[in-house]
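Novice: Pasting in a structure now, in structure tokens, and then I'll have a few things to ask.
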Amino acid sequence: MGKKLETTRAKVGATLLDVLRPGWAAEINAAILDLSDCTACVLGQLFGKYGAGAEKLFAIAATAPFREGSGWMDNGIETAAARCGFVGEGNKGTAKRALEYTKLTAAWRNEIAKRLPTAQVAADKSRIFCDACGNDRCLTPVTSDGRSKGINTPA
């Protein structure tokens, strides 16, 4: 799965939120944003947990109680959420799944930045995200302007 697909999926999800929850981007803490975490993901930060947000956003009630991390797929909620970039798609190996979530998280950070005032974006950039992987927890050394000095990134 290429980075372009994750970028497109995040753009679709962000556009949906623009319509259904105007101003949503200001409610997201980009420093802790992690699409692989049910409480730190976009829907987790907006609705408390991924499952609650997916059910509300797609207006579909699950026939069984949602359990985070249960691999639950019910009434098309998971499929719709995946197509909008709120969650990874399908069953993949651990490494592929982790890479997909890293790319999705970076794509969502870009969508959030597009919607925030310049001052807010500058404040978020001061939290330093790795240019190589998009992860705010990466230990790649950074330059004084906050850019990572990773192997594949310019200093």
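The values are calculated or read from the model by the stated rules, or taken from the named source; none is laboratory data. Given the structure is predicted, the values throughout are model-derived calculations rather than measurements. Note that each Cβ is placed from the backbone with ideal geometry, even for glycine, and that neighbours are counted across all protein chains shown.
Novice: If only one of Ala10, Ala25, Ala40 is within 14 Å of Arg83 (Cβ to Cβ) and within 14 Å of the chain's Cα centre (by Cα), which one is it? Full working, then the answer.
Specialist: Details: Ala25 fails: within 14 Å of Arg83 (Cβ to Cβ); Ala40 fails: within 14 Å of Arg83 (Cβ to Cβ).
Exactly one residue qualifies, and that residue is Ala10.
Novice: Then there is this: Kindly check whether there is at least one residue in region 84-103 that is among the acidic types (Asp, Glu), at pLDDT 55 or above and not in a helix (DSSP H, G or I).
Specialist: Start the filter on region 84-103 by keeping residues that are among the acidic types (Asp, Glu), which leaves 89, 100.
Retained after the next criterion (residues that are at pLDDT 55 or above): 89, 100.
Going one step further and asking which of them are not in a helix (DSSP H, G or I), we end up with 89.
Yes, region 84-103 has at least one match.
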